[in-house]
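> I am attaching a structure below and will ask some questions about it afterwards.
The values are calculated or read from the model by the stated rules, or taken from the named source; none is laboratory data. Fair warning: this is a prediction, and the values are worked out from it, not measured in the lab. Virtual Cβ from ideal backbone geometry, glycine too; neighbours counted across all protein chains shown. Quick note on the areas: whole protein, heavy atoms, side chains included, nothing else; ligands and nucleic acids left out. Shrake-Rupley method; radii C 1.70, N 1.55, O 1.52, S 1.80 Å.
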Amino acid sequence: MGAPGSLLPLPILLLLLGGAESGSHSLQYFLTAVSEPGPGVPEFTLAGYVDGQRFVEYDAEAQQMRPLAPWVREARPEFWERENQVHKLRQTCFRGKVRSHEHLYNQSRGEKGSETQW
Ligand SMILES: *[C@@H]1O[C@H](CO)[C@@H](O)[C@H](O)[C@H]1NC(C)=O
């Protein structure tokens, strides 16, 4: 479920982490989309981790990133604008993926004549 991301704002994060001692850091985003959202089950969720520590999460309803770690709260408005933009795109992209996978699944089910429910 890890998100291979070409759109990650890595340079900005590296700037934020600039004060840290040299060495490799990890940046991970976990994205989840569901085909049938409901109460307590949002259509799309996203959480970002630096070195295994959750530092941001995405509020899919407000379409805005929320800072969790103290160091990221100090980021400039431009950072949040870009984050919101990128993850809004991801939300849209994931919605499309869920539909196309559902479509493929339905198609294959039709060909095989299986009774399985999506
Ligand atoms: C797939 O099948 C389900 C159940 O028959 C249906 O509710 C859903 O709309 C279908 N999805 C697509 C993308 O065709």
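> Starting from segment 70-82, take each residue that is closer than 17 Å to Arg54 by Cβ and modelled with pLDDT of 95 or more and list its partners that are assigned to a loop (DSSP other than H, G, I, E, B) and of a type outside the set (Gly, Ala, Ser), counting only C-beta distances under 8 angstrom and pairs at least six apart or across chains.
none
> Sort out which residues of segment 41-87 are part of a loop (DSSP other than H, G, I, E, B) and more than 11 Å from the chain's Cα centre (by Cα), and write them in order of number.
Pro42, Glu43, Asp51, Gly52, Glu61, Ala62, Gln63, Leu68, Ala69, Glu74, Ala75, Arg76, listed by residue number.
> I've got another one for you. Consider only pairs whose beta carbons are under 7 Å apart and that are at least six residues apart or on different chains; among these, list those whose first residue lies in segment 90-109 and is more than 8 Å from the ligand (Cβ to nearest atom) and whose second residue is small (Gly, Ala, Ser).
Close Cβ pairs satisfying both conditions: Gln91/Ala60; Phe94/Ala33; Arg95/Ala33; Lys97/Ala33; Val98/Ala33; Val98/Ser35.
> Test each condition in (1) open to solvent by less than 40 Å² (accessible area, probe 1.4 Å); (2) assigned to a helix (DSSP H, G or I); (3) modelled with pLDDT under 90 for Leu8 and report the one that comes out false.
Leu8 satisfies every listed condition except (2).
> Could you check segment 47-89 and list, in sequence order, the residues that are basic (Lys, Arg) and either closer than 16 Å to Phe30 by Cα or within 16 Å of the ligand (Cβ to nearest atom) (or both)?
Across segment 47-89, the qualifying residues are Arg54, Arg66, Lys88.
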